[in-house]
1. Taking region 72-110 only, how many residues are part of a loop (DSSP other than H, G, I, E, B), in contact (Cβ under 8 Å) with a residue 12 or more places away in the chain, of a type in the set (D, E, K, R) and surrounded by 14 or more Cβ atoms within 10 Å (Cβ to Cβ)?
2. Within region 211-233, how many residues turn out to be in a strand (DSSP E or B) and either touching a Phe, Trp or Tyr at 6+ places or on another chain (Cβ under 7 Å) or crowded, with 21+ Cβ neighbours inside 10 Å (or both)?
3. Can you find a residue in region 163-178 that is farther than 30 Å from residue 122 by Cβ and under 18 Å from the mean Cα position of the chain (by Cα)?
4. Please state which one of 189, 160 is part of a helix (DSSP H, G or I), modelled with pLDDT of 95 or more and within 18 Å of the chain's Cα centre (by Cα).
5. Of these, 177, 206, 196, which one is without any contact (Cβ under 8 Å) to a residue 12 or more places away in the chain and either part of a loop (DSSP other than H, G, I, E, B) or over 20 Å from residue 69 (Cβ atoms) (or both)?
6. Within region 32-71, how many residues turn out to be among the small types (Gly, Ala, Ser) and either loosely packed, with under 15 Cβ neighbours inside 10 Å or in a loop (DSSP other than H, G, I, E, B) (or both)?
7. Name the single residue, out of those in region 111-154 being aromatic (Phe, Trp, Tyr) and assigned to a strand (DSSP E or B), that is surrounded by the fewest Cβ atoms within 10 Å (Cβ to Cβ).
8. Exactly one of these conditions fails for residue 39: (1) at pLDDT 95 or above; (2) over 18 Å from residue 113 (Cβ atoms); (3) among the hydrophobic types (A, V, I, L, M, F, W, C). Give me its number.
Amino acid sequence: MCLIAFAWRAHPDVALVVAGNRDEFFARPTVAAHWWPEAPMLAGRDLKAGGTWMGVARNGRFAALTNYRDPPNQRPDAPSRGALVGDFLTRDEAPLAALERIAADAHRFNGFNLLAARWSGDEAGLWVVASPDASRVTTVEAGVHALSNARLDSAWPKVDYAVDRTSAALSAAVDTEGLIADLFTMLDDRTIAADERLPDTGIPRETERALSAPFIRMPGYGTRASTVLVVDRDGRATFVERTCEPGERVDERRFTID
């Protein structure tokens, strides 16, 4: 994914809120969110490498991934980062132990941010593994945060926007459906950031400009899925995915997990 806004224990009625956009080449084959027959997780699937970008499991786990934008250090022979989400969701080990194992192996992959949570029970928590420059597990404090293709809460225009809009949506929320609607409105924003606010990540300025919008539309590339996850204080999760091919909503899938 290329934008993930999330709120952890930031509202009296909601344990976890996640709103994310997956940006990818339109030619890359993909299957929308579904329960995987060979693994106990709900997620979309990248048919080229077999992994995923965001998913949940019935045991109360969530994980999502963003790539770390670092063009000079990309290795074409590195394994797919999409395997990391399923690794956390499906392994039979404590959440923190799973993430420490992933962090120890992070050098094998190109740069990434892995956001992972257990939203209920004695092992509840939210963590991020950042690689390659900080391959360690960091506990995320309660509040509203966002990730794009840099580090957690980096001052990118769409990161700041996502934090502000998610905070406002939580403050105004009357029920789950209203919150979900507000978060999808945020994810659908096509506004390009002003040039003076653009980060410098080593890509052409024109591309940097196009990628600054929360919802991206470029020739052959753009936002292909928008996903919202809302978990209430009782552990009931609502997972909604809207797929976009190429750049317009074409389907919505909704799942509920107790």
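1. Of region 72-110, the ones part of a loop (DSSP other than H, G, I, E, B) are 74-82, 91-94, 105, 109-110.
From what is left, the residues that are in contact (Cβ under 8 Å) with a residue 12 or more places away in the chain are 74-75, 78-82, 94, 109-110.
Okay, now just the ones that are also of a type in the set (D, E, K, R), so 75, 81.
Next, only the ones that are surrounded by 14 or more Cβ atoms within 10 Å (Cβ to Cβ) stay: 81.
So the answer is 1.
2. Result for region 211-233: 11.
3. Within region 163-178, one or more residues are farther than 30 Å from residue 122 by Cβ and under 18 Å from the mean Cα position of the chain (by Cα).
4. Numbers: 189 fails: part of a helix (DSSP H, G or I).
Sole residue among the options that is part of a helix (DSSP H, G or I), modelled with pLDDT of 95 or more and within 18 Å of the chain's Cα centre (by Cα): 160.
5. Values: 206 fails: either part of a loop (DSSP other than H, G, I, E, B) or over 20 Å from residue 69 (Cβ atoms) (or both); 196 fails: either part of a loop (DSSP other than H, G, I, E, B) or over 20 Å from residue 69 (Cβ atoms) (or both).
Exactly one of 177, 206, 196 is without any contact (Cβ under 8 Å) to a residue 12 or more places away in the chain and either part of a loop (DSSP other than H, G, I, E, B) or over 20 Å from residue 69 (Cβ atoms) (or both), namely 177.
6. The number of residues fulfilling the criteria is 5.
7. The selected residue is 112.
8. Status for residue 39: all satisfied but (1).
The values are calculated or read from the model by the stated rules, or taken from the named source; none is laboratory data. Computed from a prediction, not measured in an experiment: that's the story for all the values here. All Cβ positions, glycine included, derive from the backbone under ideal geometry; neighbour counts span all protein chains shown.
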